[in-house]
Amino acid sequence: MIRPRLLALRSSKVMRRSNQSTEAPHSFNEIRQMIPTAVKRSPSDLLSALSSTVGKDTTAPHFQFIDDPSMIPSTLVTRKSYYMAKEMGKRAARQLATEWPTLFAFDRDEPRLEVFRPQGNPDPLQMEPTEESLVSLIESRCVKDACMLYERMRSDGVDISDHAKDSLFALTSFYNNEDVPLSEVEEWHGLRNIALIEKTPWTTAGVADLVYESLPPSSLRKSILISALCKHSSPSSIKRARELYEELKKEDKSSIPSRTYAAIISTSTWRNAIEILSTMKDAGVRPEESVWNALMQSASKIPVYKDRMNALRSTMGEMITCGEKGSLSVFNSLLTGLEDDKEGDKEADKEKKIVNSISVLVEILNELEKIESIEIVTSNDSNFFCSAMYIARKAGNLPLARRIVSLYESKKNTVKLMSLSNEGAFYSSFLLLCSIQVQSIDEFYKMYIYHVPRVVGVSKGLCQTVFTRLEATPHWPLLHRLIDDCISSRLITDIYISNSIRIALINTPLQSLSPSERDDYSSLIPRLVSIWIEFSRFTGHMQRLQTKLSPFSISECSLLLMRVGEREKAWHLLEMLCEEGNTHGEDATISAQGTVKAASMNELLDDAIRRGHAENAATCIQLISSTDVNKQRLEQMTNTVISRCGLTTVQARIVSTFVRLREE
Amino acid sequence: SMLLRTIGGLVRSGLSNGGRRGVRALSVQTGGDGKEDHGKKDVNPKEVLDEEILKAVDDVANELGGDKEKKKGLRTSLLSRLISHEKETFQSATVDHTSEMFSDPGVLAVLKEAAAPTKPLPNAIHDRKAKRGLVLLRKEVFYQAVQSGYSAEDAQRISMEAVEEAEKRVEEKRDGEIEKRKSGDIEKKVIMEKREEKEQKLFDMAYDLAQKMLYGDDAPEQKLAALASKVLEADPSFPSFFDTKTRLNIFKGDISQLETRRIGFWEEWEERAAKTWNQSIGPENAFEEQILWTKKGAQWPYPINNEYLLGQEEKVPFFEHIFVDRRLASSNLPKEETSLGRGSGSSYSVSKGLIDTDGPIAHFMHLVAVGLSKNPHMTVEKKQRHIDWFISFFNVEKQKLVHKLHEQEQAAAAAS
């Protein structure tokens, strides 16, 4: 849009200047517009720029869960199963396309995109036993297949170059002759999230060992093997790693990489670790992040708390002296090293230890807040936030917890918690701390809607805590939201939660609500009651899902319905209690145990008397008499009913006789 | 404490209400007053049972019994059976009712008001329910003690003492006497400290449980307070971990002179694993998703180029498609002499010249070339092959034939 205007400007100037013939040529040059050369951008630069403008919508679920509103998961379990269902569907489709390519023979895509034509991995037993095949398997990180092909080639006597063998040795030693673990699978986020990280002990005489033996010895190969033996540690592998390390130390200690020193330190005692660090210094090898982390781990093994703290402190001191700033995983190792929860400790000692941990944590936070950006270094980094939150929660220190959360959420932090595992734990610890320590209920309400169910799944424990909070300070918007969350997470059918909901609703001071809030209240109650009724009707083959009503809950529900003006429904519900068929037999929807709630019944009876409705009043008396043994009170009630509801003599006689008979 | 007091209050109000005689007697027996509980171990049957029943019992005893002793024995056993029956009926009728009633905040509020002016009952704790609970607690402590290696005798002693003390501590705390106790009772403290830690743990457990059991229906504020643990702050006097006073003294200062030795692939792969791990559950917005698709090759890359992955045609310039008739110029198809002279100047290209020819073959081929130049679905190569086919089709014989036919047609047209 700008260019034509500029050109127009230029032409008008040119025209004007051409009249003043003396200046014309160089003034034309003066106003020449330069078109800048195109900036080379990668295909995703534009998208990244656009993405950077998108903020976080705290009122919506994670992007991956945006779907049909009724499908959006609200608990951790449903979130997991939803995500896995989605991912497994994709995997099944991929598998189908791989195994049955003929089903997709008629595709005429132009251009043809290979990503939509998945190819199965070649079978190592069918492949041509050549070095190219082996290299292709190594490049696609098919560890087990590469091992099989290597075995085949070895038995066939096929020559393999040292270069290919080195690649195979690297792959098999790094992954311990096993396939790439799920935690490193790039594409399947769900699997990676829920996969258990299991450390397998080193496979002795596996392909890695065989390849190592077949290669001429070198310090690099030896270093790789030591690192692998320590990474996949078992008592025998550690022993072998130490032997190899001693050999290598004698041969050429300056050739040992920092990572190998770290590996051997991480499996050593503190005293040995110090010795190894001295060797490193003598060899002139610069210690990297992994070495400091390994030292922290080694120090954490010291059993006595005081000694351990000193070791950790001096490691930190050494690291700072060397000009290293430390990474999240180093800090995490430090915090977990300071963790000490011994059975026999006195309360004061325990507190002292927590205070120590907090003091260190505050220092770490001070440092991290100064750093410009926090980048991921190891897979373990995100655990720092969890450890920090755990300490803050233990200390009941809300300001500290807030600092941790704001550091985690700050733009400079690129380290993410795992959505399906530790993120929920991190935020729910924080929210529980808030539920206790945040004074203002309005502020807590804001925090609740910010976190639930987006990052904290709705759970029974959380709901109970919030109900306790609401019991102390009623707050309609929070209660409303909590009930909605209970409905969407199906906690509504839980016997304790439904009880808490009813109590909270009964205790809600209606007169303090605004007209629109009162409307919400009135529409919510019939909805809740119909949910409970519906769940009570799952009989027969659906019994698995059934949650029976109880006399207690029915009396409360009736009272709530009566309060919002749904009298007909209220009395109808109450009458259900008087019918034998509802409480007994296979199709029972109401449990036979328990009694009605006296307070609710009294209020219902009052309403019936006020309206002079004899039948309803009689229902109330019948139900009250099943629990109340106080004859005098029953008689008083009966007399009020007789006088206020205009009963005929016969009716009055029936009611009073009923009460008398009941009593006797 | 209010709740327990109200239980006592309720029971007493039950007395004045003039309930059943049985109810009344039992409520006295099981009510808030511990003294009555201990003192009246043998309930007077007259208070519990109706006169008619008592009479019936006497009659039965007289009829069945032999001598006086036997009669008395029979009578006592019958009465005790009847009393216990009455007690059970009373309990089953009232337990649900009362517990449910006390869970109702409305009733509680009323009871609170009613109970306020009355004197606090010192032994309110000896409510039947609480007592039963305390027995269970004693059992629990005994079991825990045995589990942690005490002999049965010791365990029994600990359980008795622990529960007793817990009960007292709970009571004292509830009555706001905790401060008094702290200042006044140093002796107790000393005893507590002298105790073995293992033993103390059992005592503390008993205290916690007793508190929960006796005052489980706390006010919400208390429940919240119970959830909140002590708030611990960082200790400013704690020596810093980030200073260099304490250190291992191995490396001396700056280490930038030292050599960085790496394995290479190992560090790269670890970094890759960390970055993969850091993806959490994938893209967080639609743009991130598109970035991922772009990288995978599932989406056309930006900036949009509609010739993306065009294949062999990618390198072919557009004019090759438009000016396909250039091929005709180098062919041996007829190019009539006159045609070149018809245009507006000699600078005409050969193709331009061809367009202007008016021979039937030239005209036909012009149409073919125009058609092909407008077809976006054919490759240049195919278009050329097309034209080549026509060139070979119109050989000298065909040309002569066409020429002859054309002339005949023109002659016929002229004649008509």
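The values are calculated or read from the model by the stated rules, or taken from the named source; none is laboratory data. Only a predicted model underlies this, so the values are computations on that prediction, with no experimental measurement involved. Don't worry about glycine lacking a Cβ; one is built from the backbone with ideal geometry, like all the others, and counts go over all protein chains shown. Just the protein is used for accessible areas: all its heavy atoms, side chains included, with ligands, DNA and RNA removed. Shrake-Rupley method; radii C 1.70, N 1.55, O 1.52, S 1.80 Å.
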Report summary line: Computed over chain A: longest principal axis from alpha-carbon atoms vs helix A:422-437 long axis, angle to nearest 10 degrees, is 50
**Report entry** Cβ neighbours within 10 Å from other chains - mean over A:106-119
**Finding:** 2
Report task. Once you have the Cα-Cα distance between residue B:312 and residue B:275, take 0.36 nm times their residue separation minus that, and quote the gain in nm to one decimal. Result -> 9.5 nm
Query raised in the report: Check residue A:374: other-chain or 5+ apart residues with amide H under 5 Å from its amide H, H built from backbone geometry?
Result: A:413, A:414
Query - Cβ charges +1 (Lys, Arg) and -1 (Asp, Glu), total dipole of chain A, debye - result: 1880
Query - Loop-located GluC sites (Glu not before Pro) in the stretch A:290-348 whose Cβ has at most 13 other Cβ within 10 Å (DSSP) - result: A:343
**Report entry** About the Cα centre, charge dipole magnitude for the stretch B:372-416 (Lys/Arg +1, Asp/Glu -1 at Cβ), debye
**Finding:** 200
Query - Packing rank of A:360-373, B:153-166, where each peptide gets the mean count of other beta carbons within 10 Å, highest leading - result: B:153-166, A:360-373
Query raised in the report: Per residue of B:285-293, how many C-beta atoms from partner chains lie within 10 Å of its own C-beta, taken as a mean?
Result: 6
**Report entry** residue B:68-residue B:157 FRET efficiency (beta carbon distance; Förster radius 45 Å; 0.05 resolution)
**Finding:** 0.45
Report summary line: FRET efficiency for residue B:409 and residue A:97 from the Cβ-Cβ distance with R0 = 51 Å, rounded to 0.05, comes out at 0.25
Requested in this report: State the Cα centre-to-centre distance between the stretch A:319-358 and the stretch A:492-530 in whole Å.
Outcome: 46
Report summary line: Two pseudo-spin positions, 7 Å from Cα along C-beta at residue A:48 and at residue A:593, lie apart in nanometres by 6.3
Query raised in the report: Would you list A:128, B:167, B:307 from the most to the least accessible area, probe 1.4 Å?
Result: A:128, B:307, B:167
Report summary line: Ordered by number, the trypsin sites (Lys or Arg not before Pro) in the stretch A:549-621 that occupy a DSSP loop and have at most 14 other Cβ atoms within 10 Å are A:611
Report summary line: Rounded to the nearest 10, the angle in degrees between the Cα long axis of helix A:383-394 and the longest principal axis of the Cα atoms of chain A comes to 40
**Report entry** Protection proxy ranking of B:268-280, A:580-592, A:32-44 - average other beta-carbon atoms within 10 Å, highest first
**Finding:** B:268-280, A:580-592, A:32-44
Query raised in the report: Of the peptides B:391-401, A:130-140, B:68-78, how do they stack up when ordered by the mean number of other Cβ atoms within 10 Å, highest first?
Result: A:130-140, B:68-78, B:391-401
Report summary line: Taking a crude spin-label model, label points 7 Å out from Cα along the C-beta direction, the residue A:67 to residue A:343 distance in nm is 4.6
Query raised in the report: FRET efficiency for residue B:395 and residue B:298, Cβ-Cβ distance as r, R0 = 51 Å, nearest 0.05?
Result: 0.45
Query - Fully extended contour minus Cα-Cα distance, from residue A:247 to residue A:114, at 0.36 nm per residue - result: 42.9 nm
Report task. Only helical DSSP H runs with n ≥ 4 go in: add -39500 (n - 2.57) per run for chain A, normalise by residue count and round the 222 nm mean residue ellipticity to 500 deg cm²/dmol. Result -> -20000 deg cm²/dmol
Query - Of A:301/A:346; A:86/B:275; A:144/B:296; A:281/A:412; A:144/A:412, those spanning more than 32 Å from alpha-carbon to alpha-carbon - result: A:281/A:412; A:144/A:412
Query raised in the report: Stretch residue A:81-residue A:106 to full length: gain in nm at 0.36 nm per residue minus the Cα-Cα span?
Result: 5.5 nm
Query raised in the report: Peptide A:36-46: average number of partner chain Cβ atoms within 10 Å per residue?
Result: 3
Requested in this report: Measure off 7 Å from each Cα along the Cα-to-Cβ vector at residue A:512 and residue A:533, then give the distance between these two points in nanometres to one decimal.
Outcome: 3.1
Report task. Using only protein heavy atoms and a 1.4 Å probe, report how much of residue A:645 is accessible, in Å² to the nearest 10. Result -> 20
Requested in this report: Could you please state, rounded to a whole Å, how far the C-alpha centre of the stretch A:194-240 is from the C-alpha centre of the stretch A:361-418?
Outcome: 34
